[in-house]
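Derivation of every value follows stated rules applied to the coordinates shown; laboratory data play no part. Bear in mind that the values here come from a model prediction, so they are computed numbers and not experimental data. Positions of Cβ are backbone-derived with ideal geometry, glycine not excepted, and every protein chain shown enters the neighbour counts.
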Amino acid sequence: MAYLTPGDPKSRGKWVMAMVAILCVGFSIRLVDYQVVQAEAINKISYENRAVTRTLPALRGEILDASGAVLARTVYRYDINAAPSKVFAVSRKVNGQSVLIPVDQIANEIATILEMTQVEVLAKITGTGEYSQIKKRVDAESYRKIRSLNIPWLYYDPIPDRLYPNGAVAGNIIGYLNNEGVAVEGIETSFNSCLAGIDGQESFEKGVDGIKIPSSTVTTQAAVNGRAVHLTINADLQYFAQQVLTSEVARLRADWAVATVIEVKTGRILVAAEAPSVDPNEPGKVASDDRGSRIFRFMFEPGSTLKAITGATAIDQGKATPATQTIAPFGWVVPGTSYKVTDSHPHGDDKLTLTGVLRDSSNTGIMKIGQAVDYRTRYTYLKKFGLGQKTNAGYPGEEAGLLNNVDEWDGIKKYVSMFGQGVSVTPIQSAMMYQAIANKGVRLSPILVEGCEDSNGNLLRTEVKPGVRVISEATAKSTMDMLEKVVEQGGIGKTAAVPGYRVGGKTGTAQIASGSSGYSGRYAVSFIGAAPAENPDFVVAVTVYKPRTVSNSIGATPSFKRIMQQLLRTYRVPPSTTLSANIPTEWK
């Protein structure tokens, strides 16, 4: 048998030492490479694997009424989430001692706070997944209680939630947000740049267990909350007016109704009420046509409320006085045409003054007196009263009405425009025509939004255009004197009277146009008036669309009266102590 010759032990030791030395040098080089040369890149990769970045949603600004009452605000709701694969018993101090709280007990604590059952919570937190939503949109109080449990495998997502505390009050004006939080109507849209905040960002690290490392949070960009918008609306009066209109729409079986209240000397809109109204918390519960504001968007022929403008024009041009006489027949053929205009009810040849024409709302009478003013001049007055142009009150999508160029007026429109046919207005335009009369002949711009706060909470007031002189102060007084007789003596006008106060106003019963086929059998009935007539503080304009139980302004005067009474009471306007002017309405 052959045997291997034993090697030299010292030689083998040297080889072993050499190999170890080579390995050590190699590891050292690699260690230096990792810890020095590539350290920054490796740390970056490691951090990216651990780091989480999320959005810090900004709170949207509030919408406030004239007194500061909140009409819209944003609060945080919280989604409560868990990582089922990381669920474990939690150690908690009890009487100074560390106690291990089992998962079953923790599930029961969570269930009690979130108004769930223990079984429901256990089903959410059991499994191998990294994400499970236990409950969505939890309020702040419940969220704080959950956080106080100090459960490391729970995490939370703050979700901004827009709330409208007064429900449908001014809902058609305020607007609302869609499911993605995007403004789609009303002031929410037109003043979005003020209301919307700027979202922030934060980053944090998670451990190998996937749970956030508490000390690792870094806010890279702080959220900037939105700013508040102040409206001119009086929320209490708005609520009252909406209740009045809702009951009247039901009683009259009408399609809808609107009421606008203007502060005469400032142009501020105190009420912009509509029925049906929309609750911005649940806009999907009403038809899409009922979600916006018809006060600013709906165009209709005003009818007889425009007769006051025709009368004021004639007086301002020196072609008539409140006592100017005319014979108003039941029917009258428009000069140069075969088109016959009639009054609303048969009558003989009535001997009326201009004041009597307004009192009786005679179509023939107003045309016979109004024709003394050239139609181009009358067109100019209509423009000065605000027809055919947006009021720019701050509501999105406002319509301008319809006032065709005077060169397009045919022989018929030159006459029928005197009693409100052939032109279209929005309810806000109608209200502002009478604001001009009540304000001694100066038409102001309507103000819906007082302003937007700056970052320091100071109110930046909405820019308001200067007033426009439409008629002389003397003409405005004469026109208001005539409108008083409508309320004192008019068959329908009397139902708009407010005990203790002098009130001037005008009825309007407008046939609803039906395309090229002329007019339908339905009406838009209105009443617009001001009080106290001797020195008006408020204009109230009411329009009821397609009432089915009446066909004249008796459908609008009860709402006018109730709203005006409440206004005068709310602002403590002293009762009238003087009598109206002594103006004849008829002659012999």
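Structure data summary
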| item | result |
| --- | --- |
| Burial order of peptide ranges 150-157, 242-249 (average beta-carbon count within 10 Å, highest first) | 242-249, 150-157 |
| Net charge dipole size for the range 235-570 [Lys, Arg +1 and Asp, Glu -1 on Cβ; Debye, nearest 20] | 640 |
| Mean separation of Cα contacts under 8 Å, 6 or more apart, over the residue count of the chain: relative contact order % | 14 |
| The chain - Cys residues lacking any other Cys C-beta under 4.7 Å | Cys24 |
| Isotropic mean projected area of the C-alpha convex hull, the range 235-570 (nm²) | 17.5 |
| Per-pair calculated FRET efficiency, R0 = 25 Å: Glu141 and Ser67 via Cβ, rounded to 0.05 | 0.35 |
| Whichever aspartates and glutamates have a C-alpha closer than 15 Å to that of Lys588, once near sequence neighbours (fewer than 8 apart) are set aside | Asp349, Asp350 |
| Count of lysine pairs in the range 451-584 with Cα separation under 27 Å (8 or more residues apart, or interchain) | 14 |
| Cross-link reach list, lysines versus Lys136, counting only Cα pairs under 22 Å and skipping chain neighbours closer than eight places | Lys86, Lys124, Lys145, Lys212 |
| Cα gyration tensor, the chain - rounded (a/c under 1.5), prolate or oblate | prolate |
| Sites Thr112 and Thr578 - FRET efficiency at Förster radius 56 Å, r taken between beta-carbons, to 0.05 | 0.20 |
| The range 235-570: relative contact order as a whole-number percent, Cα under 8 Å and 6+ apart | 22 |
| 222 nm mean residue ellipticity, helices alone, for the chain (DSSP H n ≥ 4; -39,500 (n - 2.57); rounded to 500) | -9000 deg cm²/dmol |
| Eligible lysines near Lys340 by straight Cα distance, threshold 22 Å, same-chain separation 8 or greater | Lys307, Lys351, Lys368, Lys413, Lys414 |
| Cα-projected label distance for Tyr131 with Leu460, points at 7 Å along beta-carbon direction, nm | 3.8 |
| Extension reserve of the Ser85-Thr55 stretch, reckoned as 0.36 nm per residue once the Cα distance is removed | 8.3 nm |
| Fully extended contour minus Cα-Cα distance, from Lys351 to Gln489, at 0.36 nm per residue | 48.1 nm |
